[in-house]
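**Q** Take a look at this one; I'll ask things after.
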Amino acid sequence: MGYIEPAPITDKENPFESMMERFNIAAEKLGLDLETYEVLKSPAKQVIVSLPIVMDDGHKKVFEGYRVIHSNTLGPSKGGVRYDLDVNLDEVKALAAWMTWKCAVVDIPYGGAKGGIKCDPSVMSKGELERLTRAYTVKMYEVFGPDTDIPAPDMGTGPQEMAWIMDEYSKAQGKTVQAVVTGKPLVLGGSLGRVEATGRGVMVSTMEALRKMKIDPTAATVAVQGFGNVGSNAAKLLAQKGLKIIAISDHTGAFYNLDGIDLREASEYRATYKTLEGYTGGSKITNDELLELDVDVLVPAAKEDVINNKNADKIKAKLIVEGANGPTGAKADGILHKKGIVVVPDILANAGGVTVSYFEWVQNRLGYKWTRDRVNRRSDRIMKEAFERVFSVADKHNVSLRIASYMVAITKVADTYKLRGSF
Ligand SMILES: NC(=O)C1=CN([C@@H]2O[C@H](COP(=O)(O)OP(=O)(O)OC[C@H]3O[C@@H](n4cnc5c(N)ncnc54)[C@H](O)[C@@H]3O)[C@@H](O)[C@H]2O)C=CC1
Ligand SMILES: O=C(O)CCC(=O)C(=O)O
């Protein structure tokens, strides 16, 4: 375990700085005192581990793993684990801070954390991924725990990785500890509704925003960037509400069909080939072109900084609902605002995932299982209430939904910190 300086990020906006730009604006609007400002902006703990793994061909490869705990003020820290080649300390720091603000916006009793391993899971075998996940868990024994820090899925990870984390952690404890991780398979104590939860929250946020904007959802068109857990479920649930999904994409490219993408066919294609590459249900366009389509709603559900100061003025959507964390760089905020584009920010729009993770943790601790209907009803209510809270702050202070979300979150964490006096 150790501490290092942030890796330089070259041509992209640094995600931590992007987070801080918004945090600074909101802190200033709130008149946050300097002491609380310093505490809230600084990550509580940053852990970097080296993970030597025996690959299938017998050679040893060393991977780098991270876990950043941004805050424990509201409760145990919570946040996903990402497997991706772009993982670096500044990205994980930003993602951890966003988790703090996200949990506070939806008012669940968690602090924020995030983890990641710099790797390309698409070229690794199941055995290699299992050894990597178990090695990461072993190095994080002292960090993870149902009352301290609770991981979950993020980009490149899913229920299987969460099962390995639970199993490896439980081995060390000499008993099964389901609540150490969420997003588990159902048979291991996962919650009904968790797989779709983030996409469902994106759908609820979209419907709330369209209602405020007086746009008829059944006449609205949508482009979704990223067809993984968040993007594919958001697309499916929005289509069920009558919106027409006219473009989808993954890392290999984008597909456009003005008559509407057949989402069942696209999901089956992705399940078979693990990618949309070669999909024929739409004309091939680039990911950049997808972002610039003339649609009512744009859902970026892949990576950070895809909407930036280079392309923000070309965005034509009326509404952007951020399924991904940090898809809009801070430098694009002003450009979008000037164009009158409404943005439902990540820390609000994609909070459905952590909300149902919280329900999973509660169920594990109760030793009880809720029905899918109860999970969905409760998470929809939490998402709608959070949207209303943010909307009224935005209205009152004449700020964007993003700055209003930060204001709601900072107020909650700052008030709690002041009452506690430490942490
Ligand atoms: N899984 C979850 O519950 C939550 C995920 N998120 C965020 O949502 C985003 C997506 O996460 P998941 O859907 O879980 O990941 P995933 O790994 O299931 O899917 C990611 C998708 O994005 C695509 N992609 C990757 N790079 C791309 C690029 N440059 N252009 C277009 N598409 C690209 C991939 O091909 C894949 O279709 C991430 O920002 C993640 O942090 C946020 C809240 C919860
Ligand atoms: O479900 C969780 O605990 C966290 C999911 C996550 O990583 C996120 O919301 O970005």
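**Q** So how many residues does region 356-368 have that are closer than 17 Å to E196 by Cβ and away from ligand 1 (no atom under 12 Å from the Cβ)? Reasoning before the result, please.
**A** To start, the set of residues in region 356-368 that are closer than 17 Å to E196 by Cβ comprises 356-360, 363.
With the extra rule that they be away from ligand 1 (no atom under 12 Å from the Cβ), the set shrinks to 358-359, 363.
Summing the residues that are closer than 17 Å to E196 by Cβ and away from ligand 1 (no atom under 12 Å from the Cβ) in region 356-368 gives 3.
**Q** Tell me, which residue of region 245-278 that is crowded, with 22+ Cβ neighbours inside 10 Å and not hydrophobic (A, V, I, L, M, F, W, C) is farthest from T221 (Cα to Cα)?
**A** Of everything passing the filter in region 245-278, D250 is farthest from T221 (Cα to Cα).
**Q** Here is a follow-up. Output yes when any residue across region 384-401 is closer than 27 Å to F227 by Cβ, part of a helix (DSSP H, G or I), in the same structural domain as I246 (by TED's automatic domain parsing) and in contact (Cβ under 8 Å) with a residue 60 or more places away in the chain, and no when none is. Write out each step before concluding.
**A** Step one: filter region 384-401 for residues closer than 27 Å to F227 by Cβ, giving 384, 386-387, 401.
Subsequent filtering for residues that are part of a helix (DSSP H, G or I) retains 384, 386-387, 401.
Now restrict to residues that are in the same structural domain as I246 (by TED's automatic domain parsing): none.
Scanning region 384-401 turns up no residue that is closer than 27 Å to F227 by Cβ, part of a helix (DSSP H, G or I), in the same structural domain as I246 (by TED's automatic domain parsing) and in contact (Cβ under 8 Å) with a residue 60 or more places away in the chain.
**Q** Within region 288-298, is there a residue that is of a type in the set (V, I, T) and more than 28 Å from T218 (Cβ to Cβ)?
**A** First pass over region 288-298, keeping only residues of a type in the set (V, I, T): 295, 297.
After this cut, where a residue has to be more than 28 Å from T218 (Cβ to Cβ) as well, the list is none.
No, every residue in region 288-298 fails to be of a type in the set (V, I, T) and more than 28 Å from T218 (Cβ to Cβ).
**Q** Name the residues in region 290-304 that are β-branched (V, I, T) and either without any contact (Cβ under 8 Å) to a residue 60 or more places away in the chain or more than 16 Å from ligand 2 (Cβ to nearest atom) (or both), would you? Give the steps one after another, and end with the answer.
**A** From region 290-304, those β-branched (V, I, T) are 295, 297, 299; that's our starting set.
Answer for region 290-304, where residues must be β-branched (V, I, T) and either without any contact (Cβ under 8 Å) to a residue 60 or more places away in the chain or more than 16 Å from ligand 2 (Cβ to nearest atom) (or both): V295, V297.
Residue-by-condition table, conditions (1) closer than 19 Å to E64 by Cα; (2) within 12 Å of ligand 1 (Cβ to nearest atom); (3) of a type in the set (G, A, S):
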{"position": "E91", "(1), (2), (3)": "yes, yes, no"}
{"position": "Y110", "(1), (2), (3)": "no, no, no"}
{"position": "K118", "(1), (2), (3)": "yes, no, no"}
{"position": "L129", "(1), (2), (3)": "yes, no, no"}
{"position": "P146", "(1), (2), (3)": "no, no, no"}
{"position": "E161", "(1), (2), (3)": "yes, yes, no"}
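**Q** Any residue at all in region 233-255 that is more than 14 Å from ligand 1 (Cβ to nearest atom) and in contact with a Lys or Arg (Cβ under 7 Å, 6 or more places away or on another chain)? Break it down into steps so the answer makes sense when it comes.
**A** Step one: of region 233-255, the residues more than 14 Å from ligand 1 (Cβ to nearest atom) are 238-246.
Now narrow it down to the ones that are in contact with a Lys or Arg (Cβ under 7 Å, 6 or more places away or on another chain): none.
The answer is no, given that none of the residues of region 233-255 is more than 14 Å from ligand 1 (Cβ to nearest atom) and in contact with a Lys or Arg (Cβ under 7 Å, 6 or more places away or on another chain).
**Q** Pick from Y368, Y358: which is over 23 Å from the mean Cα position of the chain (by Cα), hydroxyl-bearing (S, T, Y) and modelled with pLDDT of 95 or more? If you could, list the steps in order and put the result at the bottom.
**A** On the way: Y358 fails: over 23 Å from the mean Cα position of the chain (by Cα).
Just one listed residue meets the conditions, Y368.
**Q** OK, next. Of the conditions (1) over 26 Å from D86 (Cα atoms); (2) polar (S, T, N, Q); (3) touching a Gly at 6+ places or on another chain (Cβ under 9 Å), S283 clears all except one; give me its number.
**A** The number of the failed condition is (3).
**Q** While we're looking at this one, here's another question. Quick one: which residue in Y368, Y358 is aromatic (F, W, Y), more than 16 Å from ligand 2 (Cβ to nearest atom) and either part of a helix (DSSP H, G or I) or outside the structural domain of I150 (by TED's automatic domain parsing) (or both)?
**A** Working: Y358 fails: more than 16 Å from ligand 2 (Cβ to nearest atom).
On inspection, the qualifying residue turns out to be Y368.
**Q** Please work out if G183 is of a type outside the set (V, I, T), within 14 Å of ligand 1 (Cβ to nearest atom) and outside the structural domain of D288 (by TED's automatic domain parsing). I'd like the intermediate steps shown before the answer.
**A** Values: of a type outside the set (V, I, T): yes; within 14 Å of ligand 1 (Cβ to nearest atom): yes; outside the structural domain of D288 (by TED's automatic domain parsing): yes.
When the stated conditions are applied, G183 passes them.
**Q** Let me ask something additional. Can we say V413 is within 16 Å of ligand 1 (Cβ to nearest atom), within 20 Å of K114 (Cα to Cα), of a type outside the set (D, E) and outside the structural domain of M213 (by TED's automatic domain parsing)? Step through it out loud before you land on a result.
**A** Numbers: within 16 Å of ligand 1 (Cβ to nearest atom): no; within 20 Å of K114 (Cα to Cα): yes; of a type outside the set (D, E): yes; outside the structural domain of M213 (by TED's automatic domain parsing): yes.
Taking the combined requirement at face value, the residue does not satisfy it.
**Q** Another question, then. Kindly indicate whether any position in region 51-72 is touching a strand residue (DSSP E or B) at 6+ places or on another chain (Cβ under 6 Å), outside any loop (DSSP other than H, G, I, E, B), of a type in the set (S, T, N, Q) and surrounded by fewer than 24 Cβ atoms within 10 Å (Cβ to Cβ).
**A** From region 51-72, those touching a strand residue (DSSP E or B) at 6+ places or on another chain (Cβ under 6 Å) are 51-55, 60-72; that's our starting set.
Going one step further and asking which of them are outside any loop (DSSP other than H, G, I, E, B), we end up with 51-54, 60-71.
Within this subset, residues satisfying the condition of being of a type in the set (S, T, N, Q) are 71.
With the extra rule that they be surrounded by fewer than 24 Cβ atoms within 10 Å (Cβ to Cβ), the set shrinks to none.
Scanning region 51-72 turns up no residue that is touching a strand residue (DSSP E or B) at 6+ places or on another chain (Cβ under 6 Å), outside any loop (DSSP other than H, G, I, E, B), of a type in the set (S, T, N, Q) and surrounded by fewer than 24 Cβ atoms within 10 Å (Cβ to Cβ).
**Q** Further, regarding this structure: Any idea which of R365, R381 is without any contact (Cβ under 8 Å) to a residue 24 or more places away in the chain and not small (G, A, S)?
**A** Values: R365 fails: without any contact (Cβ under 8 Å) to a residue 24 or more places away in the chain.
Step by step, each of R365, R381 is checked, and only R381 is without any contact (Cβ under 8 Å) to a residue 24 or more places away in the chain and not small (G, A, S).
**Q** Of the residues V47, V81, V39, V87, only one is outside any loop (DSSP other than H, G, I, E, B), within 16 Å of ligand 1 (Cβ to nearest atom) and either surrounded by fewer than 24 Cβ atoms within 10 Å (Cβ to Cβ) or assigned by TED's automatic domain parsing to the domain that holds G116 (or both); which?
**A** Details: V47 fails: within 16 Å of ligand 1 (Cβ to nearest atom); V39 fails: within 16 Å of ligand 1 (Cβ to nearest atom); V87 fails: outside any loop (DSSP other than H, G, I, E, B).
Testing whether each residue is outside any loop (DSSP other than H, G, I, E, B), within 16 Å of ligand 1 (Cβ to nearest atom) and either surrounded by fewer than 24 Cβ atoms within 10 Å (Cβ to Cβ) or assigned by TED's automatic domain parsing to the domain that holds G116 (or both) leaves just V81.
**Q** A further question on this structure: Can you tell me which residue in region 279-305 is surrounded by the fewest Cβ atoms within 10 Å (Cβ to Cβ), limited to those that are closer than 23 Å to D120 by Cα and polar (S, T, N, Q)?
**A** Residues of region 279-305 that are closer than 23 Å to D120 by Cα, as a first pass: 279, 286-288, 300-305.
Next, only the ones that are polar (S, T, N, Q) stay: 286-287.
Details: T286: 11, N287: 19.
My answer is T286.
**Q** Something else now. With respect to K139, is the statement that it is away from ligand 2 (no atom under 16 Å from the Cβ), in contact (Cβ under 8 Å) with a residue 12 or more places away in the chain and in contact with a strand residue (DSSP E or B) (Cβ under 6 Å, 6 or more places away or on another chain) true?
**A** On the way: away from ligand 2 (no atom under 16 Å from the Cβ): yes; in contact (Cβ under 8 Å) with a residue 12 or more places away in the chain: yes; in contact with a strand residue (DSSP E or B) (Cβ under 6 Å, 6 or more places away or on another chain): yes.
The answer is yes for K139.
Residue by residue, here is whether (1) among the hydroxyl-bearing types (S, T, Y); (2) at pLDDT 95 or above; (3) under 16 Å from V362 (Cα atoms); (4) surrounded by fewer than 20 Cβ atoms within 10 Å (Cβ to Cβ) holds:
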site: K114; (1), (2), (3), (4): no, yes, no, no
site: E130; (1), (2), (3), (4): no, yes, no, yes
site: V138; (1), (2), (3), (4): no, yes, no, yes
site: D149; (1), (2), (3), (4): no, yes, yes, no
site: A152; (1), (2), (3), (4): no, yes, yes, no
site: Q173; (1), (2), (3), (4): no, yes, no, yes
site: K184; (1), (2), (3), (4): no, yes, yes, no
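**Q** I'm checking my understanding of the structure. Among residues of region 344-355 that are touching a Lys or Arg at 6+ places or on another chain (Cβ under 7 Å) and part of a helix (DSSP H, G or I), which one is farthest from ligand 1 (Cβ to nearest atom)? Write out each step before concluding.
**A** Initially, region 344-355 is screened for residues touching a Lys or Arg at 6+ places or on another chain (Cβ under 7 Å), giving 345, 347, 351-352, 354.
Applying the additional criterion that residues be part of a helix (DSSP H, G or I) yields 347, 352, 354.
Values: I347: 10, G352: 8, V354: 7 Å.
Among them, the one singled out is I347.
The values are calculated or read from the model by the stated rules, or taken from the named source; none is laboratory data. Just so we're clear, the structure is a prediction, and the values are computed from it rather than from any experiment. For neighbour counting, all protein chains shown are included, and Cβ atoms are generated from backbone atoms with ideal geometry for every residue, glycine included.
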